[in-house]
Amino acid sequence: VVNWVEPVLTDCDNNANAPTNNFSPGETFPVGTTTVLYEADDAEGNTGSCTFDIIVQDDEMPTVTCANDTSFLILGGSGPVQLSAAYFEPTSSDNCGVSGTDYQLTGASSGSGAYDPSAMYSFNAGTTTVTLTVTDGAGNTASCSSTVFVAETSSDVVTMDIGDVVSDCGQDTMV
């Protein structure tokens, strides 16, 4: 919303008609430059006008959150593991709207391009970082990352101690 003091109309005979304008104070303007025009005339046919520009810039970064932070997969055969891009579906927002999302795979697997949730990504054995970058109409960007670990066999998977499991009233609880 943009506000300004409207121009003052003066006419030496005091018989000017009310001015017309294409925008009014208090309106919402899109990102970019908008020219505001005021025009007036009087009973004698004299005319006058004035213009000024409203410039709105988007300097607010979008926000993005990846759906899954870390994934562990077991290859179990030859060739890479296929995983749907939808698994990494980001949640994003921007004050002026998100215009696109790109992906990049780095590490054991590589690739990049426009994000398509119906695509399949290939992951080789090892660690791959999946980075999703959202861009708004002004070119502001934000990124989130997920890590995919692919083991060639189940013996390559590292186990982690998550603590003792205590049973209380029939429900398991991690301590």
Checklist line | Any chance ALA67 is touching a helix residue (DSSP H, G or I) at 6+ places or on another chain (Cβ under 7 Å) and not polar (S, T, N, Q) | finding: yes
Check: Among (1) open to solvent by 80 Å² or more (accessible area, probe 1.4 Å); (2) assigned to a strand (DSSP E or B); (3) at pLDDT 90 or above, where does ASP172 come up short?
Finding: (3)
Note to self: Under 7 Å between Cβ atoms, which residue pairs at least 6 apart in sequence (or on different chains) link something in the stretch 37-51 that is over 20 Å from SER24 (Cα atoms) with a partner that is open to solvent by less than 70 Å² (accessible area, probe 1.4 Å) and basic (Lys, Arg)?
What the structure shows: none
Next item on the list: Go through (1) loosely packed, with under 15 Cβ neighbours inside 10 Å; (2) farther than 17 Å from SER143 by Cβ; (3) under 18 Å from the mean Cα position of the chain (by Cα) one by one and return the number of the condition ASP58 breaks.
Entry: (1)
Notebook entry, point to check: Restricted to the stretch 97-140, and to residues that are open to solvent by 50 Å² or more (accessible area, probe 1.4 Å) and in contact with a helix residue (DSSP H, G or I) (Cβ under 9 Å, 6 or more places away or on another chain), which residue is farthest from PRO30 (Cα to Cα)?
Noted result: MET120
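The values are calculated or read from the model by the stated rules, or taken from the named source; none is laboratory data. These numbers come from a predicted model, not from an experiment. For neighbour counting, all protein chains shown are included, and Cβ atoms are generated from backbone atoms with ideal geometry for every residue, glycine included. These accessible areas exclude ligands, DNA and RNA; they are computed on the full protein's heavy atoms, side chains included. Shrake-Rupley method; radii C 1.70, N 1.55, O 1.52, S 1.80 Å.
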